[in-house]
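The values are calculated or read from the model by the stated rules, or taken from the named source; none is laboratory data. Note that the structure is a prediction, hence the values are computed from the model and not measured. Neighbour counts run over all protein chains shown; Cβ positions are idealised from the backbone, glycine included. Please note that ligands, DNA and RNA were not included when accessible areas were found on the heavy atoms of the full protein model with its side chains. Shrake-Rupley method; radii C 1.70, N 1.55, O 1.52, S 1.80 Å.
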Amino acid sequence: MGGHPAWELLLPAAAAPARQRGRSLQEALRDAVRAGRLAPGTRLPSSRALAADLGVSRGLVTEAYEQLTAEGYLRSDRGSGTWVGGAARAAAPGVRDLAPRTPGVRVDFHPGTPDLSLFPRSAWGAAQRAVLAELAHRRLGYPDPRGLPELRGALAALLARRRGVVADPERLVVCSGVAQAATLLGLALRARGLETVGVEDPGSPEHGRLFAATGLETVWLPVDAEGLLPGPLAASGVRAVVTTPSHQFPSGIAYSARRRAALLDWARSVDGFVMEDDYDGDFRYDRAPVGALQGLDPERVAYAGSVSKSLAPGLRLGWMLVPEALLDEVVERKRTMDLGNPALDQAVLARFVTGGAYDRQLRRCQRAYRERRDALVAALERHFPGTEVTGIAAGLHVIAHVPADYGPTARFLDRARAAGVAVRPLEDYGTARPSDAVVRLVIGYAHLSPSDIALGVGLVARAYEREAGTG
């Protein structure tokens, strides 16, 4: 075949069904050029010769040459034939998956992940089918960047009922989780001239990273057993803070009424704003959840939440109730960022909420996560006597203060790692240094079965037993 083995790559294309043969031949030529199997400067056979070798019509080859010449893969010099051009470059091989994982671990106690097996596939599928059958064609166009009216209305009613917020659907923006809510808010604050934002210490590292991406410098602000300390907050010079007042991450405390009031007084005094990340506010196991901070002053508090803990983070659906002063800027930023969230997904969630399925899902998760928290506390008491679990009975993680006998922290983490158990110390979430007197751990449990929880804690305990036996 023209003395060049590369032409054999085109034989499968020539054998394609007649209607697909021309497109298959063009794609096979593109792939050969991209992959370097046909190197730049290689002269191609004449259309007549290649057609004869492949057993196809000359017109098919001529059309392929003309198309790839127009695209830049080939070049044609009148009277001297067709050559492989130099514009194409090989694409990077393979497709990587950059989803977060902890490889080589038997039990992963990292916090923040719900049990994805609890996702209500049947109920969600039924809502999808109903939406597809009923949704008007026009609703598949570009949506209001704030979100579909029916979803904003459904979420406003839900949040007012469950979280005690002041929920005006006109000030509710549907977004891709709390991460996008923080980004939108950061951009709006930057447009108002703010240069810094306060973050809780300890707190979620993601908050600082998200606001830094919008050009805001982050300032760590200490948290004690009641919430943000008013003195350091006032002295910091910031005019915006991001907080987790209903269940502080990661310390597990709930802000006291006194600190809630002090935080709002501060915001009013500096003409500032508070972002309330209500990431797991629905899950409280010993009493009804404390209402959201936003209900006390909706003009100073931007309230953000999502379905990441109640349904699945992969849905990328969340919301933010925005103070009036920031609303226009946030909506415009949302418009230019992505023109709004997918309309079908929004319509399905609206139906899921209004039909009562979302409340049923929350009750299901509540039962499962309470059982798993109890299993974790029991396993710690059994294998690490004297461990103190602090924070309120809520959310998807606990803070465990393991006695100094098992320390220092580096030693505990080494034993856990050797046992195939992943766990993070509290010091990973702020500016504090590890304590020699106690090992402070942030232990996530929601994504683990009670048996896996018992296994993980037991594996670490046995690593200490082996060490003691060797000693």
| said: Tell me yes or no: at least one residue of region 284-297 is without any contact (Cβ under 8 Å) to a residue 24 or more places away in the chain, farther than 17 Å from Arg171 by Cβ, open to solvent by 10 Å² or more (accessible area, probe 1.4 Å) and not aromatic (Phe, Trp, Tyr). | reply: yes
| query | Taking region 112-132 as the region of interest, how many residues are closer than 23 Å to Ala454 by Cβ and either among the basic types (Lys, Arg) or not in a helix (DSSP H, G or I) (or both)? | reply | 4
| query | Consider Tyr464 against the criteria (1) at pLDDT below 95; (2) outside any helix (DSSP H, G or I): it satisfies all of them except one. Which criterion is unmet? | reply | (2)
| message | Under 6 Å between Cβ atoms, which residue pairs at least 6 apart in sequence (or on different chains) link something in region 394-405 that is more than 20 Å from Gly291 (Cα to Cα) with a partner that is in a helix (DSSP H, G or I)? | response | Ala400/Leu380
| query | What number goes with the only condition from (1) open to solvent by less than 30 Å² (accessible area, probe 1.4 Å); (2) among the small types (Gly, Ala, Ser); (3) at positive phi that Gly237 does not pass? | reply | (1)
| note | Residue pairs qualifying under the 7 Å Cβ cut-off, at least six apart or on distinct chains, with the first in region 372-392 being closer than 21 Å to Thr113 by Cβ and the second being of a type in the set (Phe, Trp, Tyr), are Arg372/Tyr445; Arg373/Tyr285; Arg373/Tyr445; Leu376/Tyr445
| said: Looking for something in contact (Cβ under 8 Å) with a residue 12 or more places away in the chain, out of contact with any His (no Cβ under 8 Å at 6 or more places or on another chain) and open to solvent by 80 Å² or more (accessible area, probe 1.4 Å) - is there at least one such residue anywhere in region 14-34? | reply: no
| Residue that is farthest from Gly318 (Cα to Cα) [pool: residues in region 184-194 that are open to solvent by 10 Å² or more (accessible area, probe 1.4 Å) and without any contact (Cβ under 8 Å) to a residue 40 or more places away in the chain] | Gly193
| task | Could you please give the count of residues in region 393-407 that are of a type in the set (Phe, Trp, Tyr) and open to solvent by less than 10 Å² (accessible area, probe 1.4 Å)? | result | 0
| message | Just to be sure before I move on: is Thr69 in contact with a strand residue (DSSP E or B) (Cβ under 6 Å, 6 or more places away or on another chain), under 30 Å from Tyr279 (Cβ atoms), of a type in the set (Val, Ile, Thr) and open to solvent by 40 Å² or more (accessible area, probe 1.4 Å) in the structure I sent? | response | no
| When you go through (1) closer than 17 Å to Val353 by Cβ; (2) at pLDDT below 95 one by one for Ala154, which number turns out not to apply? | (2)
| Single match in Ala410, Ala432 (criterion: open to solvent by 10 Å² or more (accessible area, probe 1.4 Å), part of a helix (DSSP H, G or I) and of a type in the set (Gly, Ala, Ser)) | Ala410
| message | Test of understanding: among Leu38, Leu11, Leu98, which residue is surrounded by 14 or more Cβ atoms within 10 Å (Cβ to Cβ) and either at pLDDT 85 or above or not in a strand (DSSP E or B) (or both)? | response | Leu38
| Which one is most open to solvent (accessible area, probe 1.4 Å) among residues in region 101-111 that are modelled with pLDDT of 90 or more and part of a loop (DSSP other than H, G, I, E, B)? | Arg106
| Set Leu132, Leu159, Leu116: member being open to solvent by less than 10 Å² (accessible area, probe 1.4 Å), of a type outside the set (Val, Ile, Thr) and at pLDDT 95 or above | Leu159
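For region 14-32, which positions are of a type in the set (Gly, Ala, Ser) and outside any helix (DSSP H, G or I)? Walk me through it before giving the result.
At the first step, the residues of region 14-32 found to be of a type in the set (Gly, Ala, Ser) are 14-16, 18, 22, 24, 28, 32.
Once the filter is applied, which keeps residues that are of a type in the set (Gly, Ala, Ser) and outside any helix (DSSP H, G or I), region 14-32 yields Ala15, Ala16.
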| query | Of all the residues that make up region 196-217, how many are under 14 Å from Ala179 (Cα atoms) and of a type outside the set (Lys, Arg)? | reply | 10
| query | When region 306-318 is examined, which residues are found to be open to solvent by less than 10 Å² (accessible area, probe 1.4 Å) and of a type outside the set (S, T, N, Q)? | reply | Val307, Leu311, Leu317, Gly318
| field | Residue list for region 77-95, filter: in a loop (DSSP other than H, G, I, E, B), at pLDDT 80 or above and either crowded, with 17+ Cβ neighbours inside 10 Å or among the aliphatic types (A, V, I, L, M) (or both) | value | Gly85, Ala87, Ala88
| Checklist (1) out of contact with any strand residue (DSSP E or B) (no Cβ under 6 Å at 6 or more places or on another chain); (2) open to solvent by 10 Å² or more (accessible area, probe 1.4 Å); (3) closer than 30 Å to Thr218 by Cα applied to Leu426, failing item | (1)
| field | Residue selected from region 257-277 under the condition among the acidic types (Asp, Glu) and crowded, with 23+ Cβ neighbours inside 10 Å, by the criterion farthest from Ala234 (Cα to Cα) | value | Asp277
